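These notes concern the structure reproduced below.
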Amino acid sequence: MSDLPQDVLIAIFAFIHPLKVEKYRLLSRSFNSFLTSKHFALLNLSKWFLATSRNYSKGIKPSRHTSVTEEVRILFHGRVQQQEAITTLLSNRLKTSLLVLGACGPRVLVPIPSSIGRLILLESLSLSLSGLNGCIPREIGSLKSLKHLDLKQNSLEGQIPDEIGNLTHLKYLGLQYNKLSGRIPASLSRLKNLDRLQVNGNRLDGCIPPELGLLSSVKYMKLEENRLEGSIPPELGELSNLIILSISKNRFEGSIPSSFCHLNKLRVMSVDNNNLSPPDGVVATWLKEQRVIFEQ
């Protein structure tokens, strides 16, 4: 059987799910060589998802139960050759969004493949509760069309890549409840369209970059449950659209900057479990007049 032409072998193995092809590598050395080739991975995956491809060509969007979920599962679970092949298929077909719900995501801890940076038309990437570990690849900064990035409640480690600052169309950045460490990159200040910034529940340290005061569109900023320290930068008082600010359970010192009196839309400010002094003077008066829900 190993002497059969490749097109015959492809026809034989085309009906087998890509994630189950692996076990046939043990049949012979020639099988192993053939089944681990990028060429076979692309042909096998193309055949397996042919029906979905036809729907895409007709402008039919997949439901959450179609084989696009299987493609994404292979993108994270598969060998390097399969990851590359799936990325090629998705980059050619997936025009608007890639949505992976936690219930449909990987069952074991897997990293985000760097090849995900090739899905340059992606607008929404939702991988919360998907069993992700390792670092966030810098290649994610190549997704220049991205508007929604949700990686919350995984086991991601390392620093937040500076390259996320390249995603200038981003409106939502959700990195909460991972194991991210290091400083909040000042490059996030380039996200002028950002509406929600949520990096709470990590191991971030250092000071809040004063550059975050340039996020003119942000409404919700959640930085609580980290290891952030220093004083609250007065530049945050320039966030004219801010509605909720939460910096509780960190190591901040000093007082609430008087520049916060310019936050006319602020409704909730949570600063408890820090080393901040109680507000007084103009800040105390402003909190009362503004009717801000203040938690200290």
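The values are calculated or read from the model by the stated rules, or taken from the named source; none is laboratory data. Keep in mind the model is a prediction, meaning the values are calculated, not measured. Backbone-built Cβ (ideal geometry, glycine too); neighbour counts: all protein chains shown. For accessibility, only protein heavy atoms count, side chains too; no ligands or nucleic acids. Shrake-Rupley method; radii C 1.70, N 1.55, O 1.52, S 1.80 Å.
Remarks
- Distant-in-sequence amide H partners of G134 (H built 1.01 Å from N, under 5 Å): E157
- Between segment 117-184 and segment 261-279, the alpha-carbon center distance in angstrom: 28
- Segment 169-296: C-alpha gyration tensor shape, a/c 1.5 cut-off, then a/b vs b/c: oblate
- 1.4 Å probe accessible area per residue over segment 109-151, in Å²: 37
- For segment 198-296, size of Cβ-based charge dipole, Lys and Arg +1, Asp and Glu -1, in debye: 320
- The residues of segment 206-296 expose on average 48 square angstrom of accessible surface per residue, using a 1.4 Å probe on protein heavy atoms.
- Karplus-derived 3J(HN,Hα), 6.51/-1.76/1.60, for each residue of segment 124-134, Hz, glycine and proline x: 9, 10, 10, 10, 5, 6, 10, x, 8, 9, x
- Length released on extending from C207 to N264, taking residue separation times 0.36 nm less the Cα-Cα span: 18.1 nm
- Highest average first, the peptides 284-295, 132-143 ordered by how many other beta carbon atoms sit within 10 Å of their residues are 132-143, 284-295.
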